[in-house]
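Everything below concerns the one structure shown next.
The values are calculated or read from the model by the stated rules, or taken from the named source; none is laboratory data. Quick caveat, the model's predicted, so the values are computed rather than measured. Because the Cβ atoms are built from the backbone with ideal geometry, glycine has one as well, and the counts that use them run over all protein chains shown.
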Amino acid sequence: MRLASRLFVGSVVLITVLVALVVALSGARLRRELEASEVAQLGREARLVVAAWTPTTNADSLADAAGAALGRRVTLIDSTGHVIGDSEFDGLALARLQNHAGRPEVIAAREHGIGTSRRASPSRGDEELYVAVRAPHGVARISMSTAQLAAIAARARTDVLLSGLISLGAALLLSAAFARRVSRPIVELRDVARALAEGDLARRPALSAVGEVGELGDAVHRMADQLAARLRALQGEEARLAAVIESLNEGVIAVDARRQVVRLNESGRRLLHITDAVPFSLDRLPRDAVLRHALTAALAGEPIAPVETVIDGRALSLTARPLDGGGAVVALFDLTATRRLEAMRRDFVANVSHELKTPLTVIGGFAETLVTDDLPPAQRAQFAEAIRANAERMRRIVDDLLDLSRIESGGWRPNPVVVDARLAADDVIAAVRRAGRDRGVTFEVQIDPQAATLYADPTAVRQVLTNLVDNAVRYTPVAGTVTVFTRPAPGGGTWLGVRDTGIGIAAEHLPRIFERFYRVDPARSREAGGTGLGLSIVRHLVEAHGGRVEAESTVGRGTTVSALFPAPIVTPS
Ligand code: ADP
């Protein structure tokens, strides 16, 4: 039941009981008072009759006269108990009346001067109130019907009841108004508390009530203020945490106790290729045994030391931890680049060792023979020449490696100036012309007038061209043509390239020729004095200028390798 109704019903019950009690008590008291006052009145009247009762008076006449005057029954009884006068009986009827000596009021009057009795009258048949007073010649008695008393009492009771009902009605109206007044602020507080609990932190109670309810409203107001402030602080903290987690390079997956993914940062999405919005079921994560095992263990409360797994071709280091209160968090660290670098380093060391081992073995072999065997001078000279040639090869490898590491480590920075393409091409061709002529190779230079200059480091341009022309000559059999050309790049800058009509490169090798030590035909390359590092150096030099390299080739028809040197970045002054 509602508070207002409870208050109303409670006060209605209380008021009704009170009014009923007042009506009952005042009715009974009224009846008693009324009877006492009637008894006193009857006594006074009886004394008046006694005063008028002399020995000479005709008792019956006195009774009749007094009865008529007082409007009561007046009875005069002699000392033997005979009724000698009665205002309501005359003659024969009077004579027939019983002896009254035994009536309680008469006995009491004789003994104490006055006697009272209330009982049914044998002579009148109804209930009567008698008051008897001792007189010198007997007892004078006045009586009245109690019906009269009852009528007065009934009228009084009706009045009391009526006023009771009126006050009850007024009390009902007042208590209804009171109940509403008391309950309204409480109902309002309840609504505000409910709204706060449901998250509407803008709601505040109207501080109109007084007393304790007003204080309660005040307390709710302050509580809501504090709650809102704390929530704001919490939200700020949460936003900061989310931003930190999002900015991490590591993938972070948070799972709650119901096996739902509740947080997955951008790195995590990228590593696991997941686009679903959180929360989503754990089953949507990749079906990788290591990841699943780590999650299951962490959800069971067991922390997992970093383990490695491969998901979608990426090497991931994975750490899982249980969360307080259930759930788990998994951190994913992408090791792909590290693992690739490690593999490259291993390959590089193996390649370098291999490259140096062959000339070293040759040098060692010849040197030993020279030391131990007694050889003719011509053969000694031949062996010495072989040692020199292999030492020269090792020197070239070491030189190329040093160049590469210098460029790669960032220790070398290009110093770009405007370079004349034709001069650079002529210069390089002049250096190799002899070697080319020996093999019947013709050289050509095709400079596009739109691309007559390059913005590049002149030493780097020379090294690039030397390596490219060198390759073109080496991989072009007799009577071929090697062309150094330029053409303007569509986005600005100049392409500098070398085209040959040589053996060409098969499509499957083409993407890899710029890698260190990559050779299409290792034996042929070594025989021709190649180190397998030339194109790698070219690529690094060009990339250090902000450019890139390209190669196209058809087996048996020839190869074109070009380098893009970007236009200088003009900074507005
Ligand atoms: P190398 O010292 O062996 O020439 P490079 O790095 O210069 O090493 O070239 C890598 C490989 O690419 C060579 O071994 C060769 O197989 C191939 N190559 C480079 N230039 C040409 C070309 N102009 N024609 C055919 N093959 C070439």
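Annotation note: of E550, E508, the sole residue that is of a type outside the set (K, R), within 60 Å of the chain's Cα centre (by Cα) and more than 29 Å from N415 (Cβ to Cβ) is E508.
Residue check: P414 meets all listed conditions (1) more than 60 Å from the chain's Cα centre (by Cα); (2) of a type outside the set (A, V, I, L, M, F, W, C); (3) outside any helix (DSSP H, G or I) but one, namely (1).
The set of residues in segment 531-573 that are among the polar types (S, T, N, Q), near the ligand (Cβ under 8 Å from one of its atoms) and in a loop (DSSP other than H, G, I, E, B) contains only T531. If you scan segment 254-306, which residues turn out to be more than 16 Å from T319 (Cα to Cα), part of a loop (DSSP other than H, G, I, E, B) and aliphatic (A, V, I, L, M)? Across segment 254-306, the qualifying residues are A257, I274, A277, V278. For segment 218-232, the set of residues classified as among the small types (G, A, S) and touching a residue at least 12 places away in the same chain (Cβ under 8 Å) consists of A224, A228, listed by residue number. Output the residue which, of all residues in segment 550-567 that are β-branched (V, I, T) and surrounded by 22 or more Cβ atoms within 10 Å (Cβ to Cβ), is farthest from A460 (Cα to Cα). Top of the filtered list is T559. Taking the listed residues S87, S143, the one that is closer than 21 Å to R32 by Cβ, crowded, with 23+ Cβ neighbours inside 10 Å, in contact with a helix residue (DSSP H, G or I) (Cβ under 9 Å, 6 or more places away or on another chain) and of a type in the set (S, T, N, Q) is S143, with no other qualifying. Exactly one residue out of D283, D256 is modelled with pLDDT under 95, touching a Gly at 6+ places or on another chain (Cβ under 6 Å) and farther than 16 Å from L332 by Cα, and it is D256.
When we screen L231, L189 for residues that are modelled with pLDDT of 90 or more and within 29 Å of the chain's Cα centre (by Cα), the only hit is L231.
Restricting attention to segment 50-60, does a residue exist that is touching a Lys or Arg at 6+ places or on another chain (Cβ under 9 Å), assigned by TED's automatic domain parsing to the domain that holds G27 and within 27 Å of R31 (Cβ to Cβ)?
no
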